[in-house]
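First the structure, in the form of structure tokens, and then the observations on it.
The values are calculated or read from the model by the stated rules, or taken from the named source; none is laboratory data. Computed from a predicted model, the values in this text were never measured in an experiment. Neighbour counts run over all protein chains shown; Cβ positions are idealised from the backbone, glycine included.
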Amino acid sequence: MSYDFTELNKVVANWATDDTTRYNFHEPKSNNIICNIGSTEMLRVAEDGFYVRGEKIPVDDKEAATVYNAFKEFLVWNRLSRE
């Protein structure tokens, strides 16, 4: 299934009041989830593993904690940046 994110990008651009905050919605590769803040990729869940700020997280006992902390940081930043 393919979506056209052009209209959604326009709505979000009009909604965002802070000039430094940019959200870019695009269709990721199949089976990927990507959380971006502006042009910075904060978290990506891909078929081959997890990526935090573009770097692949090694599979070890700290993997879950690293991914959780990155996602929590993304959510806190997102909430604090709203008015």
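The conditions are (1) part of a helix (DSSP H, G or I); (2) at pLDDT 75 or above; (3) surrounded by 12 or more Cβ atoms within 10 Å (Cβ to Cβ), and N9 fails exactly one of them. Which is it?
(2) is the only condition that N9 fails.
Hey, could you check the stretch 12-26 for residues that are exposed (fewer than 11 other Cβ atoms within 10 Å of the Cβ) and among the hydroxyl-bearing types (S, T, Y) and say which is modelled with the lowest pLDDT?
For the stretch 12-26, the residue satisfying everything is T17.
If I filter the stretch 27-73 down to residues being in a strand (DSSP E or B) and more than 10 Å from the chain's Cα centre (by Cα), which single residue comes out as surrounded by the fewest Cβ atoms within 10 Å (Cβ to Cβ)?
E55
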